[in-house]
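Asker: Sharing a structure with you now.
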Amino acid sequence: MKTATVNINNFVKVKLNEKGLAELQAQHTELKKVFPRISYEFTPPDVDSDGYSEFQLWALMQTFGHLMRLGDDPPFDTAIKIEVQE
């Protein structure tokens, strides 16, 4: 088996689904309740030509970790691209 060392600051790419996009929208709405002076509206993250959005690994875990349960639908496709140093 081939392994690679991955740092939690490395970037990963995931394909968000409707559940993931809804979670990002909900988190933005909650943030605006706490900080009502936030003037910008929610915009989905950028996607590349293959439909992947980029996050630092720690941010992906922080944002979606509470939604990751065995037998439940994840907020993104389970195929994750991980940036590794060569």
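The values are calculated or read from the model by the stated rules, or taken from the named source; none is laboratory data. Quick caveat, the model's predicted, so the values are computed rather than measured. Don't worry about glycine lacking a Cβ; one is built from the backbone with ideal geometry, like all the others, and counts go over all protein chains shown. Heavy atoms of the whole protein, side chains included, go into the accessibility calculation; ligands, DNA and RNA do not. Shrake-Rupley method; radii C 1.70, N 1.55, O 1.52, S 1.80 Å.
Asker: Which lysines, on any chain, are close to K13 with Cα under 26 Å apart, when same-chain ones fewer than 8 places away are left out?
Answerer: K2, K81
Asker: Which is the longest run of the chain containing none of the trypsin sites (Lys or Arg not before Pro) found in DSSP loop states (not H, G, I, E, B) with at most 11 other C-beta atoms within 10 Å?
Answerer: Free of exposed loop sites, the longest segment is 3-36.
Asker: Expected output is a single nm value to one decimal: the length gained when fully extending between T5 and D72, i.e. 0.36 nm times separation in residues minus the C-alpha distance. What is it?
Answerer: Numbers: separation 67, 0.36 × 67 = 24.12 nm, distance 2.82 nm.
Once the chain is fully extended between T5 and D72, it gains 21.3 nm.
Asker: Roughly how many debye, to the nearest 20, is the charge dipole of the chain about its Cα centre, given +1 on each Lys and Arg Cβ, -1 on each Asp and Glu Cβ, and no other charges?
Answerer: 280 debye
Asker: Just from its helices, what would the mean residue ellipticity at 222 nm be for the chain, if runs of 4 or more DSSP H residues each count -39500 (n - 2.57) and the sum is divided by every residue, rounded to the nearest 500 deg cm²/dmol?
Answerer: Rounded to the nearest 500, the figure is -9000 deg cm²/dmol.
Asker: I've got another one for you. Which part of segment 8-24 falls in the paramagnetic zone of Y40, meaning amide N under 17 Å from the point 7 Å along Cα-to-beta-carbon?
Answerer: What the label zone holds, given the 17 Å backbone N cut-off, is 24.
Asker: With a 1.4 Å probe and all protein chains left in place, how much of the accessible area of the chain comes from carbon and sulfur atoms, in whole percent? Write out the running numbers ahead of the final one.
Answerer: Numbers: 3610 of 6610 Å².
On the chain, the fraction of accessible area on carbon and sulfur atoms equals 55 percent.
Asker: Right, something else. Would you grab the residues whose amide H sits under 5 Å from the one on F76? Only those 5+ places off in sequence or on another chain, please, with H modelled 1.01 Å from N.
Answerer: N17
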